[in-house]
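What follows is a set of notes on a single structure, which appears directly below.
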Amino acid sequence: MRLDKFLSEMGAGTRTELKKNIRAGRVTVDGAVVRDPGAKVEETSAVVYCGQPVAYEAFVYYMLNKPAGVISASDDPREATVVDLIAEQKRKDLFPVGRLDRDTEGLLLITNDGALAHRLLSPKHHVDKVYYARVSGAVTETDVDAFRAGLLLSDGLACLPADLRVLSTGMDADGATVSEVEVTIREGKFHQIKRMFEAVGREVLYLKRLAMGPLTLDPDLPSGAYRRLTRAEVDALSHAQS
Ligand code: URA
C-alpha cells in the first residue's frame, strides 16, 4: 500500500500533514528516508514517522456501548451509524459484527476482521448473546419453560432453547407491571428477543446487550463510548464457541 495510506490508517496524522512530513524527509522505511508519499510499503515494513515507530495493524477491534437511536450499519447517506461513533478511526473497512435494532443499546463489536465476524455470527458456532430486558407484565415460570423448550415465532421459525432469568417484577410509574429479565440466546434471528417475548404475549420495553461469547460490556463505558479490545479479549473471541 502507499506510505501515506499506511500512516493515515494508523492515525499518524491528516493526509496533508503526512504528505508534508514525508516530503520534508521526516519518514524512514526500513531505515532509509522516503520522500514520496505514494511509495509502496508492506504491512511488515519498519516505518518511523517523525522519530516514532508506527507498526501496522491489519485488524482493529472496538467495543462500543451502542446508544439508542443509531443504526447498526457501516455508513448511511442520511443517518449516523455505529461506525460513525468511532471518532478516532481513519479506516474505511470497519463494520459492526451483527445488528442491534435502532432502539437497542449495549455491546457491539466493531472491526474489519471478516473471519472473526463470520465465526461469531455463524449459527454453527452457537455463540451466547446475553441481553438485559424490561418486559411488560409478570414473567412466569411458564415463560421460562417455553424459552427453555425452544419457542416458535409468529412466522413459524423455531428458536433454539434459550435461558430466561427473572431478575425482578414490579410496577412502573404508571402502575403497570413490568419484569426485568436476562435472556441468553445462541443464535441471531431478526428482532429475535422482541419476537420471542411476543410469542409468549409480552412486549419488550427496553433492550440492552450485555455480552457476546466471552466479551462482556465494560461497565466503565458510558452509552455512546467505545474502547479498543485488549489482546486477551481478542484472543478469547477468536476461540469463542459453545
Ligand atoms: N433481539 C432483538 O429483538 N433486537 C435486538 O436488537 C437484538 C436482539
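Computed values, structure above
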{"read-out": "Options Leu85, Leu151, Leu120; residue that is buried (at least 18 other Cβ atoms within 10 Å of the Cβ), out of contact with any Gly (no Cβ under 7 Å at 6 or more places or on another chain) and farther than 30 Å from Arg26 by Cβ", "value": "Leu151"}
{"read-out": "Qualifying residue in region 104-117 (condition: within 12 Å of the ligand (Cβ to nearest atom) and in a loop (DSSP other than H, G, I, E, B))", "value": "yes"}
{"read-out": "Residue tally, condition surrounded by fewer than 16 Cβ atoms within 10 Å (Cβ to Cβ) and not in a strand (DSSP E or B), over region 170-186", "value": "5"}
{"read-out": "Region 151-176, residues that are touching a helix residue (DSSP H, G or I) at 6+ places or on another chain (Cβ under 8 Å), of a type in the set (Gly, Ala, Ser) and under 21 Å from Glu141 (Cβ atoms)", "value": "Ala162"}
{"read-out": "Selection within region 188-202 - surrounded by 14 or more Cβ atoms within 10 Å (Cβ to Cβ) and more than 10 Å from the ligand (Cβ to nearest atom)", "value": "Ala199, Val200, Arg202"}
{"read-out": "Asp235 away from the ligand (no atom under 12 Å from the Cβ), more than 20 Å from Glu105 (Cβ to Cβ) and not in a strand (DSSP E or B)", "value": "yes"}
{"read-out": "Criterion (within 23 Å of the chain's Cα centre (by Cα) and over 30 Å from Ala115 (Cβ atoms)) met by exactly one of Leu152, Leu205", "value": "Leu205"}
{"read-out": "Checking Gly98 against (1) surrounded by fewer than 18 Cβ atoms within 10 Å (Cβ to Cβ); (2) away from the ligand (no atom under 16 Å from the Cβ); (3) not acidic (Asp, Glu), the condition it does not meet", "value": "(2)"}
{"read-out": "Those residues of region 79-92 which are under 14 Å from the mean Cα position of the chain (by Cα) and in a loop (DSSP other than H, G, I, E, B), in sequence order", "value": "Val82, Ile86"}
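Readers should treat all values here as calculations from the given coordinates under stated rules, not as data from a laboratory. These numbers were taken from a predicted model, which means no experiment stands behind them. All Cβ positions, glycine included, derive from the backbone under ideal geometry; neighbour counts span all protein chains shown.
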